[in-house]
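The block underneath contains the structure these notes are about, expressed in structure tokens.
The values are calculated or read from the model by the stated rules, or taken from the named source; none is laboratory data. What you see is a predicted model, and the numbers here were worked out from it, not measured in a lab. Note that each Cβ is placed from the backbone with ideal geometry, even for glycine, and that neighbours are counted across all protein chains shown. Calculation scope for accessible area: heavy atoms of the full protein, side chains included, ligands and nucleic acids excluded. Shrake-Rupley method; radii C 1.70, N 1.55, O 1.52, S 1.80 Å.
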Amino acid sequence: MAETHVLFVEDDDVIREATQLALERDGFRVTAMPDGLSGLDAFRASRPDIALLDVMVPGLDGVSLCRRIRDESTVPVIMLSARADSIDVVLGLEAGADDYVTKPFDGAVLVARIRAVLRRFGHASGPDARGGAVEKSAAADDGLLRFGDLEVDTEGMEVRRAGEPVALTPTEMRLLLEFSDAPGTVLSRDRLLERVWDYGWGGDTRVVDVHVQRLRGKIGQDRIETVRGFGYKLRG
């Protein structure tokens, strides 16, 4: 099996070199860059399997780099932020990042998060994280689910709104599939973290909230309802 190629953008020489060595020991192939502009060039030249972007890098900051990558690709992106409560976390997620890790981080935790993201993306066009085909509701016809003007093809992994294709990242697609599997049912943020982000432990619910907002922007603001104090539900 080919090595997983990681693009790592970090301006701190010590962190960059130590993290690169740790990832390589775990079997990853790493391209490490010290700034955002060289990181963008490396992304375009090598098309990595996943990108790790520090928020505060010179030339082109991590959030802007994430936006540029997301304009060109759905490759998974994990942001690295020095403060868990920083607005940078939300900005990174809004820019299209799939997850974030707080610095300083334990190498084993970083590897676990990388592998969790890769598992999600590896199943984005096939079986879901539960290990089988996505279950079809009674309203499905050959895997096609309809919610108003929204159509979700659970076999072809395509979404259309009013007949027009909707471009979703793999994380957004997995989130929509969770809602589509139980329309009208309130799904808690913790459940979504576990099912979509593969968090077997507690996680930051801002990840869910920002992705729901991004998904709403693509499929319709009123399609996913907020149930205060509980979570979200898809309107049938």
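Could you list, in sequence order, the residues of the range 209-236 that are out of contact with any Asp or Glu (no Cβ under 7 Å at 6 or more places or on another chain), within 20 Å of Val152 (Cα to Cα) and among the aliphatic types (A, V, I, L, M)?
Scanning the range 209-236 gives Val212, Ile219, Ile224, Leu234.
How many of the residues in the range 63-75 are under 21 Å from Arg115 (Cβ atoms) and either among the β-branched types (Val, Ile, Thr) or modelled with pLDDT of 95 or more (or both)?
4
Here are some residues: Glu172, Glu194. Which one is free of Cβ contacts under 8 Å to residues at least 12 places away in the same chain, under 26 Å from Gly92 (Cβ atoms), not aliphatic (A, V, I, L, M) and not in a loop (DSSP other than H, G, I, E, B)?
Glu194
So, of the residues in the range 165-180 that are within 18 Å of Tyr100 (Cα to Cα) and among the polar types (S, T, N, Q), which turns out to be surrounded by the fewest Cβ atoms within 10 Å (Cβ to Cβ)?
Thr169
Would you mention how many residues in the range 64-111 are in a helix (DSSP H, G or I) and either closer than 18 Å to Gly36 by Cβ or of a type in the set (S, T, N, Q) (or both)?
15
Do we find that Gly156 is farther than 22 Å from Arg119 by Cα and either within 16 Å of the chain's Cα centre (by Cα) or modelled with pLDDT under 95 (or both) in this structure?
Working: farther than 22 Å from Arg119 by Cα: no; either within 16 Å of the chain's Cα centre (by Cα) or modelled with pLDDT under 95 (or both): yes.
So Gly156 fails the test.
If I filter the range 84-99 down to residues being open to solvent by 20 Å² or more (accessible area, probe 1.4 Å) and in contact with a strand residue (DSSP E or B) (Cβ under 7 Å, 6 or more places away or on another chain), which single residue comes out as nearest to Arg216 (Cα to Cα)?
Filtering the range 84-99 for residues that are open to solvent by 20 Å² or more (accessible area, probe 1.4 Å) and in contact with a strand residue (DSSP E or B) (Cβ under 7 Å, 6 or more places away or on another chain), the one nearest to Arg216 (Cα to Cα) comes out as Asp88.
Which one is surrounded by the fewest Cβ atoms within 10 Å (Cβ to Cβ) among residues in the range 196-234 that are under 26 Å from Asp149 (Cα atoms), charged (D, E, K, R) and under 15 Å from the mean Cα position of the chain (by Cα)?
Asp209
Return the pair list, or none, for Cβ contacts closer than 8 Å from residues in the range 223-235 that are within 13 Å of Pro183 (Cα to Cα) to residues that are open to solvent by 80 Å² or more (accessible area, probe 1.4 Å) and in a loop (DSSP other than H, G, I, E, B), at least 6 apart or on different chains.
Once the first residue is within 13 Å of Pro183 (Cα to Cα) and sits in the range 223-235, its partners that are open to solvent by 80 Å² or more (accessible area, probe 1.4 Å) and in a loop (DSSP other than H, G, I, E, B) give Arg223/Arg235; Ile224/Arg235; Glu225/Arg235; Arg235/Asp222.
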